[in-house]
Amino acid sequence: MDPMNLLSMLPASSDITLVQVDAEVDQTDDSYILRLDLPGVELEDINLTVVGDAINIAWTRARRNWKDSFRGVLHCPRLGDPSSITASMKSGVLTLAVAKVRPAEGRKVEVLAG
């Protein structure tokens, strides 16, 4: 999977001209795994919602004298099932797992006489 197709993020505030998010995309036999490095973001400041094939991510991060906001959209390819998403946060890393969709297997149809 091409990480550039998976991850398209836009800043929530027009005050932010460039947002860099360190991201790592892996896969297992059953899932796509996305890890986002979010130092300084608290668990209660993360909001995840699923709409269709899009996973919407928003967070705020407080720094010394300012706070920044971020909003992004992850588009699941047809190979991923956004309704299966799980998320966890540990040591400033948000980990999302999306189950792979298995292609439908064909079946033989018996043709009956008459």
Top-ranked residue in the stretch 92-114 [being over 30 Å from ARG35 (Cα atoms) and β-branched (Val, Ile, Thr); ranked as modelled with the lowest pLDDT]: VAL109
Being part of a loop (DSSP other than H, G, I, E, B) and β-branched (Val, Ile, Thr) is the requirement here; does VAL41 meet it? yes
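Being under 15 Å from ASP26 (Cβ atoms) and touching a Leu at 6+ places or on another chain (Cβ under 8 Å) is the filter here; which residues of the stretch 98-114 pass it? Give the derivation first.
Step one: list which residues in the stretch 98-114 are under 15 Å from ASP26 (Cβ atoms), which gives 98-100.
Correct list: VAL98, LYS100.
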Evaluation of GLY72 against (1) modelled with pLDDT of 85 or more; (2) surrounded by 16 or more Cβ atoms within 10 Å (Cβ to Cβ) (one fails), failing number: (1)
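The values are calculated or read from the model by the stated rules, or taken from the named source; none is laboratory data. Here the structure is a predicted model, which means the values were calculated and not measured. Note that each Cβ is placed from the backbone with ideal geometry, even for glycine, and that neighbours are counted across all protein chains shown.
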